[in-house]
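Notes follow once the structure below has been shown.
The values are calculated or read from the model by the stated rules, or taken from the named source; none is laboratory data. Note that the coordinates shown come from a computational prediction; the quantities given were computed from them, not determined experimentally. Cβ: placed from backbone, ideal geometry, glycine included. Neighbour counts: every protein chain shown. Note: accessible area is taken over every heavy atom of the protein model, side chains too, but ligands, DNA and RNA are not part of it. Shrake-Rupley method; radii C 1.70, N 1.55, O 1.52, S 1.80 Å.
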Amino acid sequence: MKRILVFFGGCSTEYGVSLQSAHAVLAHMDPARFRPVMVGITREGVWLHYTGGVDGIAADTWREGPCVSCTLALDRGRRELLLLDGSGARIPFDAAFPVLHGKNGEDGTLQGLLELADIPVIGCGALSSALCMDKDRAHKLAALAGVRVPRSALFGRGAGPAALQKAAAELGYPLFVKPVRSGSSFGVTRVAGPEELPGAAAAAFAHDREILLEESIPGFEVGCAVLGTRTLRVGMVDEIELARGFFDFEEKYTLKTSAIHCPARIPPEKAARIQAAAQTVYRALDCKGFARVDLFLTPGGEIVFHEVNTIPGFTAHSRYPNMMRCAGMSFSELITRIIETEVEG
């Protein structure tokens, strides 16, 4: 039986989403093959070894349960969790599975720490995680791989209003203003005209030191789940149907006015092209294990890269497990395959 160190929570704006994803992952982990070692990270960044029930994670009451401060043994090859309760206890494990979203968990920071200690990481490693979190660099590499990307302009803190307005005029309205490194659409604003640009830029800078002004792509968003490292398997392509606005944080986790269709309501040949483009981007960004590649399909049939989620959601509404389910893989089988990709090579 393999011991899997599962991280959840995190000092990120997506803390709550991580709890729901981790609950689902733990609830569907095969108890005959894997034994979870649970480590919750609080919003303040405190590491706690949690030994209570998984429902406490979903309810965000886990910190009130049986918890002990902990840290990793960073000596290469040790693969141990150190309990900081004075006991000197060490808990061995075989691999680490970060079920974290956003900064300080999905962006390569934790993955780099794990790789430093020679701990197998389930999912994308430090390089791919960092690249995929960075919208500007990810787009540049995808374009070099031959996949079309939106036109955009990059700005750092201190950018003058005139430069922002000039770039926006060249891109054309409407456009999107985004933090370069953020998840779940935090800090993203759809801008309809010049008067909205200063507020949108300020909102994006609240989440990162760099922002992107990005052209709006006509059509609709599609996604593709990719599983594997050497040999890749893809899920069914899905489609986001929007009633208004864009697929922001609220819509992603409530679907109040939007709908997700899986499989997408497109011809099979277009779905196959999207799956091929997703695999191209996955390889170009050095992804491994699993990731969800999001793209746009224009009215003219063009495929345009949007972003990669290296730790996609595993909540009740999450797209990645649903795409794999539509391709014939149950949630429990999916979790097993994701873990096997790393612990069994």
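Details
- Any hit, region 172-183, residues being of a type outside the set (Val, Ile, Thr), modelled with pLDDT under 95, in a loop (DSSP other than H, G, I, E, B) and open to solvent by less than 40 Å² (accessible area, probe 1.4 Å): yes
- Against the test of being at pLDDT 95 or above, basic (Lys, Arg), within 17 Å of Ala24 (Cβ to Cβ) and more than 14 Å from the chain's Cα centre (by Cα), the options Arg265, Arg337, Arg292 yield a single qualifying residue, Arg337.
- Test: Ala169 is modelled with pLDDT of 95 or more, closer than 23 Å to Asn309 by Cβ and part of a helix (DSSP H, G or I): no
- The number of residues in region 144-163 that are in contact (Cβ under 8 Å) with a residue 60 or more places away in the chain, open to solvent by 50 Å² or more (accessible area, probe 1.4 Å) and among the hydrophobic types (A, V, I, L, M, F, W, C) comes to 1.
- Within region 39-51, the set of residues being in contact (Cβ under 8 Å) with a residue 24 or more places away in the chain and crowded, with 23+ Cβ neighbours inside 10 Å comprises Val39, Gly40.
- Criterion: of a type in the set (Asp, Glu), under 24 Å from Ser216 (Cα atoms), open to solvent by 10 Å² or more (accessible area, probe 1.4 Å) and in contact (Cβ under 8 Å) with a residue 40 or more places away in the chain - qualifying residue of Glu342, Glu307: Glu307
- Yes/no for Thr42 being over 23 Å from Lys2 (Cα atoms) and of a type in the set (Ser, Thr, Tyr): yes
- Among the residues of this structure, Ser318 counts as one that is surrounded by fewer than 24 Cβ atoms within 10 Å (Cβ to Cβ) and within 15 Å of the chain's Cα centre (by Cα).
- Candidates Arg78, Arg63: the one that is within 25 Å of Ala27 (Cβ to Cβ) and either part of a helix (DSSP H, G or I) or open to solvent by 60 Å² or more (accessible area, probe 1.4 Å) (or both) is Arg63.
- Candidate set from region 1-20 (those that are closer than 19 Å to Thr341 by Cα and crowded, with 19+ Cβ neighbours inside 10 Å); member that is nearest to the chain's Cα centre (by Cα): Phe7
- Looking across region 202-250, just one residue is small (Gly, Ala, Ser), at pLDDT below 95 and over 21 Å from His261 (Cβ atoms), and that is Ala206.
- When Ile91 is tested against the conditions (1) open to solvent by less than 50 Å² (accessible area, probe 1.4 Å); (2) under 19 Å from the mean Cα position of the chain (by Cα), the lone failure is (2).
- Taking the criterion of being in a helix (DSSP H, G or I), in contact (Cβ under 8 Å) with a residue 60 or more places away in the chain and either over 22 Å from Pro120 (Cα atoms) or of a type in the set (D, E, K, R) (or both), the residues of region 16-38 that qualify are Val17, Gln20.
- For region 111-131, a residue qualifies if it is in a helix (DSSP H, G or I) and open to solvent by 10 Å² or more (accessible area, probe 1.4 Å), and the qualifying residues are Gly112, Leu113, Glu115, Leu116, Ala126, Leu127, Ala130, Leu131.
- Applying the condition of being assigned to a loop (DSSP other than H, G, I, E, B) and free of Cβ contacts under 8 Å to residues at least 12 places away in the same chain to region 254-299 and asking which residue is surrounded by the most Cβ atoms within 10 Å (Cβ to Cβ) yields Pro267.
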